[in-house]
Amino acid sequence: MLTSADHTAAAARLIKAAADKKQAEQLSKTWPAIGFDDAYAIQSEVIRQRVAGGRKIVGHKVGLTSKAMQRSSGIDEPDYGVLLDDMVYNDGAKIKVADFCVPRVEVELCFVLKHPLKGPGVGLIDVLRATEYVVPSLELIDARLQDPRKIFDTISDNGAAAGIVLGGRPVAPTEVDLRWVGCALYKNGEVEETGLASGVMGHPAMGIAWLANKVGPRGITLAPGHMMLAGSFTRPIWVHAGDTVQADFGALGNVAVQFV
């Protein structure tokens, strides 16, 4: 377990890397004894400082929800991060690559809540009842720390959260079978990835249930109006200036961005 001074120093490194748009040395390299509790404590300190600086929490994201991604990271459960108001982009936005270190894009379903959720004991039906609507989205992820990163680095780095783009057609959580929502992810007109939302723990709502049960003991309630990214059901794709990315969710519509 690291000290509170270590947590503060690690948070300062991440904040500086994000401000400079330049990757910093891995926390796990500087502090080899770092653990999961340390990583979430560092993440919380980064968010605390950003909120103190004027930012607003607008939701959470869940990552590493697929078995393949968990195995590649050497863990057996997902992780999470916090979404802030300056991470939200409009459908069709032009996004500056220079605002990130090494940006990538993933496909997600976003759950927007109408009722609060707080674990433990939250299940799939609880999530569906608490959700106002589900909407297609793209998640921008970034790494403020150098490779090779350990899971503790990614968690500390807010689960790699960097942005969210909402688009397509919002649907009530019972309007469609969310397990069978599919997506084709295009870059510059060519399909890069395809997937089904059932890849997220069997049902994307289970990603939100996991999140509520994970953060509940930490005193965190998932709040009405907040956006909850359930987890990607495609692999991330790299993006560079000049790229156009479009996610086709079929009957749920499209969401797209341009990178400049």
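FYI, it's all coordinate maths here, none of it is from the lab. Just so we're clear, the structure is a prediction, and the values are computed from it rather than from any experiment. Every residue, glycine as well, gets a Cβ built from its backbone with ideal geometry; the counts of neighbours run over all protein chains shown.
In whole percents, the pair-distance distribution calculated for the stretch 8-165 from its alpha-carbon pairs, binned every 10 Å from zero, is 10, 38, 38, 14, 1. Taking 0.36 nm per residue of sequence separation and removing the Cα-Cα distance, the residue 114/residue 97 pair yields an extension gain of 2.8 nm. Of the peptides 130-137, 233-240, the order by per-residue mean of other Cβ atoms within 10 Å, starting with the highest, comes out as 130-137, 233-240. Annotation: amide H-H contacts under 5 Å for residue 193 (H modelled 1.01 Å from N, sequence separation of 5 or more, or interchain): 185. In a reduced charge model with +1 at each Lys and Arg Cβ and -1 at each Asp and Glu Cβ, the chain shows a dipole moment near 420 debye about its Cα centre.
Spin-label model, residue 172/residue 244: points 7 Å from Cα along the beta carbon direction are separated by 3.6 nm. Once both labels are positioned 7 Å from their Cα atoms along Cα-to-Cβ, the gap between residue 179 and residue 223 label points is 3.4 nm. So, R0 is 25 Å and r is the distance between the beta-carbons of residue 133 and residue 85; what FRET efficiency does that work out to, to 0.05? E(calc), rounded to 0.05, equals 0.80. For the pair residue 48 and residue 16, a Förster radius of 25 Å applied to the C-beta separation gives a FRET efficiency near 0.95, rounded to the nearest 0.05. Sequentially through the stretch 111-116, phi angles give Karplus couplings (6.51, -1.76, 1.60; θ = phi - 60°) of 9, 9, 7, 10, 10, x Hz, Gly and Pro residues having no value and appearing as x. Per-residue 3J(HN,Hα) values for the stretch 104-109, derived from phi via the Karplus relation 6.51 cos²θ - 1.76 cosθ + 1.60 with θ = phi - 60°, read 9, 10, 10, 9, 9, 9 Hz in sequence order (x marks Gly and Pro). When Rg and the Kirkwood radius Rh are both evaluated on Cα atoms of the stretch 140-229, their ratio Rg/Rh stands at 0.99.
Annotation: average projected area of the stretch 56-259 is 10.2 square nanometres, based on the convex hull of Cα atoms across all directions.
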